[in-house]
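Data block below; observations after.
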Amino acid sequence: MNEIQETFRHRHHSPSHLFLPNRAYMVTAGTLGKQRYFDTPAKLDLLLSLLFDACERWQWNLQAWAILQNHYHFVATAPEDASTLGTVIASIHSKTAVRLNKLDDTPGRKVWFQYWDTCLTHEKSYLARLHYVHQNPVKHGLAEDAEAYPWCSMGWFMKEAESGEEALALLKASPEMDLVISDMNMEGMSGLDLLKEIRARDLDTP
């Protein structure tokens, strides 16, 4: 099955969606005309904060994110009602537009152009998107190391993987990682099970 067959995508003015509960989605959104409206740390903080707020309110579990001056990406797991994704995006875009236009003294300016969502129905697709989002600041020349870019989840993931399953997903998406330090007793996958999975998958990380 190829990449197009695996997923349904949302395009501008297109009604096609695949809404599945408890599945991972990747979302990409861009500003109108690719304008760099989020051109200060404070504005990037604003967008990131409102992304967090909206996902928490509608129970979308964020897995990865990257906030740039004219677009953003995130990967999140859907709640039981995956159709709330549109509401999440509408909340982010309406609130950021109002507050950004107030900061720039540009009332009524249209900030956002469109967004795309992809339901990731296969592990390979999920890991590829996770890696893409984490490395996006490096791709655009904003940082040499994604972990050092404050508006990307790479640094957070490096420090905050709270389960063996999450750590394993991060390892597979970022095989360049040098070292894993794990507790032995964790909810779900134990530290020993994590080690076995790393070895079974031929991952060389010590």
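Numerical summary
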item: Scope the stretch 148-172; condition modelled with pLDDT of 90 or more and either exposed (fewer than 13 other Cβ atoms within 10 Å of the Cβ) or out of contact with any Pro (no Cβ under 7 Å at 6 or more places or on another chain) (or both); matching residues; result: Ala148, Pro150, Trp151, Ser153
item: Candidates Pro137, Pro107 - the one that is within 23 Å of Ile92 (Cβ to Cβ) and either assigned to a strand (DSSP E or B) or free of Cβ contacts under 8 Å to residues at least 12 places away in the same chain (or both); result: Pro107
item: From Met177, Met184, residue being modelled with pLDDT of 65 or more and either in contact with a helix residue (DSSP H, G or I) (Cβ under 8 Å, 6 or more places away or on another chain) or not hydrophobic (A, V, I, L, M, F, W, C) (or both); result: Met184
item: Condition check for Leu120: at pLDDT below 95, surrounded by fewer than 20 Cβ atoms within 10 Å (Cβ to Cβ) and within 17 Å of the chain's Cα centre (by Cα); result: no
item: Every residue from the stretch 67-87 that is farther than 22 Å from Tyr132 by Cα and either more than 16 Å from the chain's Cα centre (by Cα) or surrounded by 18 or more Cβ atoms within 10 Å (Cβ to Cβ) (or both); result: Glu80, Asp81, Ala82, Ser83, Thr84, Thr87
item: Thr106 being modelled with pLDDT of 95 or more and surrounded by fewer than 16 Cβ atoms within 10 Å (Cβ to Cβ); result: yes
item: Residues located in the stretch 30-60, provided they are more than 12 Å from Ile92 (Cβ to Cβ), part of a loop (DSSP other than H, G, I, E, B) and in contact with a strand residue (DSSP E or B) (Cβ under 6 Å, 6 or more places away or on another chain); result: Tyr37
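The values are calculated or read from the model by the stated rules, or taken from the named source; none is laboratory data. Keep in mind that what you see is a predicted model, and the values were worked out from it rather than measured. Note: ideal-geometry Cβ built from the backbone for every residue, glycine included; neighbour counts use all protein chains shown.
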